[in-house]
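Colleague: Sharing a structure with you now.
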Amino acid sequence: MSEQSQSAGGAPNAVVIGASAGAIQALLHILPALPEDYTLPVLIVVHVPAGRRSELTALFAAKCRLPVAEGEDKEPILPGTVTFAPPDYHMLVEPGGTISLSRDEQVFFSRPSIDVLFESAADAYGPALVGVVLTGANEDGAQGLAAVAQAGGVTLVQDPASAYARAMPEAALKACRAARRMSLDGIVAALLAAGRR
Amino acid sequence: MEDEKIEDIEIRLLLEALYRRYHYDFRNYAQASIKRRLRQARDRQGVATYSALQDKLLHDPAAAAGVLRFLTVQVSDFFRDPSYFKAIRETVVPHLKTYPSLKVWIAGCSAGEELHSFAILFREEGLEDRTLFYATDINQDALEAASRGIYPLDRMKAFTENYRLAGGKASLSDYYSTGYGGAVFDKSLRDRVVFSDHSLVTDAVFSEMQLISCRNVMIYFDRDLQDRAVGLFRDSLGRGGFLGLGSKETLRFSEHVGAFSEFVREEKIYQRRQA
Ligand SMILES: C[S@@+](CC[C@H](N)C(=O)[O-])C[C@H]1O[C@@H](n2cnc3c(N)ncnc32)[C@H](O)[C@@H]1O
C-alpha cells in the first residue's frame, strides 16, 4: 500500500522502449540526447535478425553518453544505463530489479519481443515506468503498452505520420487509449523530464 | 494494483500446490517468466483465475501432467550459437584428449539437439569411444524425443549452417537419413548416452564429470536456485573439469564464482579450479 502511494504520481524508476523497422534512425534521435547523469535505466527491445544485435550495441555505445550493453541473465538493472535485449532471447524484468532472459517461443515472429519486456516491466515497476513504442511494421508492443498504462505508467507513442513504419505505433495507439502521440523531439523532452536529477 | 497482488498470492499458492501434489518444484523459478507461462496455461485451460487453475490441477492429474510439461520451455537447435561449439572443439577438446575416459553431462537437454551436436563433435574428434554422455531433463516428452533423435526436415537447412559455422568436418546430412516424416539421426550417436529424469532443483550430484554443458536452463531460475544448480555442477566436476553455459549467462553473480576460472570468456566456458 505505502509502496503504491509513494510511486503513484512520483518519479519514474525506469524507461522501456520498443522499436522495429526504422529503429536505428529513431533511436539515434533519442539515445544520444540522454545526458551522462541521466537517472533512469533504459531497457530496449529492437527487432533485428538473430545475430545482428551486437553490432547495434557497438553502434550506440559509440554515440551515447550513457553506457550501452546487451542484457545478461540476472544482471542488476542500474540507473543511467542503456540495455538492449540480446539476439534470440526475450528480456524480462524481475520484481527485484534484475534482468532475466528466456528462450520461450517467439511472439509476433520475434524473439526478443516488446510485449514480453513491457508486460514484465509493468509488473515490476507499476506506475513508476515510462513505456515508449516507436516505428515498426507489426503489432508487437501494443499489448505491452496497454499493460504499462493499466499499471499506471506513462505511455508514449511515436506519431505514426512521422514514423518510418506506421503499423506498430498505430497498433499501440489503438490498444492503449491513454498513450500520448508524440514527435521524436517530444519523446526526447518527455524522457529528459522523467529522468532529470 | 489490488488485483495484481491477489494474483501474486495465487501464483505462490499454485506453485506450492504443484510441488506438494506432484513434486515438481517451480517455486524458485524466475518470477517474470514463470508468471507469463502460467498465464498462458491458465488461458489454455479456460479458467479465469489461478485459484481455479489450482483447483483443477490438484484434482485432475491428467490436466496437471499437461500443464507441467507446458511450463518447461522446449525451444532448441543443433549447434545453437555455433561459436560455442567451435570453442569447445578448438580449446576444450585438446584437454579432453588427455583423458583415457570421459563423462559428459548435458543438463537440461530438452529434445536432444544439444546432445546430438556434442555426439557428432566428439565422433569427429575421435573421442566418442571413450565417452559416456548423461543427458538429463525434467520433461518426459523431451527425454523421449531426445532418445528417438528425429527432427523436422524443414529445420535441417538452418542446422546445417550452424554445423558448418561450428567447424563441422563433414556434412550434417551424413548423420541422418530421411524417414518418419523427419530427419532420423543415426542411432549409433546415442549408443553411449544415458538418458535420465533429473532435476537441478531437487536431485543430487552426478559422479565425476569432465565436461558439463548446461545452456539456457538456469535462465529460468532465480538467483538462489542458480546457486544451488551451480553448486551441483561444482561438486560433479573433477578438478580442471569444464562448465559451459548459454551465451548470455554468467557466473559473475553466483556465490560459487570463486570455484571456477574463465576458460573461454566470450563463450561462457568455465573451468573448475584446481584447489
Ligand atoms: C530452453 S531449453 C534449453 C535446451 C538446450 N540446452 C539449449 O540451450 O538449446 C530448457 C530446458 O531446461 C529444462 N529444465 C527446466 N527446469 C529444469 C530442472 N529443474 N532440471 C533440469 N532441467 C530443467 C526444460 O525441461 C527444458 O528442456
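Colleague: Would you be able to say whether some residue in segment B:90-104 is closer than 24 Å to B:Asp137 by Cβ, within 16 Å of the ligand (Cβ to nearest atom) and either surrounded by fewer than 20 Cβ atoms within 10 Å (Cβ to Cβ) or more than 14 Å from every other protein chain (Cβ to nearest Cβ) (or both)? Full working, then the answer.
Modeller: Looking only at segment B:90-104, we keep the residues that are closer than 24 Å to B:Asp137 by Cβ, and these are B:92, B:96, B:102-104.
Cutting the leftovers down to within 16 Å of the ligand (Cβ to nearest atom) gives us B:104.
After this cut, where a residue has to be either surrounded by fewer than 20 Cβ atoms within 10 Å (Cβ to Cβ) or more than 14 Å from every other protein chain (Cβ to nearest Cβ) (or both) as well, the list is B:104.
The answer is yes; a qualifying residue exists.
For (1) touching a helix residue (DSSP H, G or I) at 6+ places or on another chain (Cβ under 9 Å); (2) part of a loop (DSSP other than H, G, I, E, B); (3) modelled with pLDDT of 95 or more, each residue gets a yes or a no:
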site	(1), (2), (3)
A:Arg65	yes, yes, yes
A:Glu72	no, yes, yes
A:Pro112	yes, yes, yes
A:Val116	yes, no, yes
A:Ala121	yes, no, yes
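Colleague: Of these, B:Ala204, B:Ala183, B:Ala229, which one is within 14 Å of chain A (Cβ to nearest Cβ) and not aromatic (Phe, Trp, Tyr)?
Modeller: B:Ala229
Colleague: Something else: Collect the residues in segment A:100-126 that are facing chain B (nearest Cβ under 9 Å) and touching a Pro at 6+ places or on another chain (Cβ under 8 Å), keeping them in residue-number order.
Modeller: Selection gives A:Leu101, A:Asp123, A:Ala124.
Colleague: Can we say A:Val130 is more than 9 Å from chain B (Cβ to nearest Cβ) and either touching a residue at least 40 places away in the same chain (Cβ under 8 Å) or under 16 Å from B:Arg39 (Cβ atoms) (or both)?
Modeller: Spelling it out, A:Val130 is indeed more than 9 Å from chain B (Cβ to nearest Cβ) and either touching a residue at least 40 places away in the same chain (Cβ under 8 Å) or under 16 Å from B:Arg39 (Cβ atoms) (or both).
Colleague: Name the residues in segment B:67-89 that are in contact (Cβ under 8 Å) with a residue 60 or more places away in the chain, of a type in the set (Val, Ile, Thr) and surrounded by fewer than 21 Cβ atoms within 10 Å (Cβ to Cβ), would you?
Modeller: Those that are in contact (Cβ under 8 Å) with a residue 60 or more places away in the chain, of a type in the set (Val, Ile, Thr) and surrounded by fewer than 21 Cβ atoms within 10 Å (Cβ to Cβ): B:Thr72, B:Val73.
Colleague: Going through A:Gly18, A:Gly10 one at a time, which residue ends up being at pLDDT 95 or above and either of a type outside the set (S, T, N, Q) or assigned to a loop (DSSP other than H, G, I, E, B) (or both)?
Modeller: A:Gly18
Colleague: Being touching a Leu at 6+ places or on another chain (Cβ under 6 Å) and either closer than 12 Å to A:Ala26 by Cβ or outside any helix (DSSP H, G or I) (or both) is the filter here, so list the residues in segment A:145-175 that pass it.
Modeller: Within segment A:145-175, A:Gly153, A:Thr155, A:Val157, A:Gln158 qualify.
Colleague: List every residue pair whose Cβ atoms sit under 8 Å apart, with the two residues 6 or more apart in sequence or on different chains, where the first one lies in segment B:234-246 and is within 14 Å of chain A (Cβ to nearest Cβ) and the second, anywhere, is part of a strand (DSSP E or B) and within 13 Å of the ligand (Cβ to nearest atom).
Modeller: Close Cβ pairs satisfying both conditions: B:Leu245/B:Cys214.
The values are calculated or read from the model by the stated rules, or taken from the named source; none is laboratory data. In this text the structure is predicted, and so the values were computed from the model without any measurement. Every residue, glycine as well, gets a Cβ built from its backbone with ideal geometry; the counts of neighbours run over all protein chains shown.
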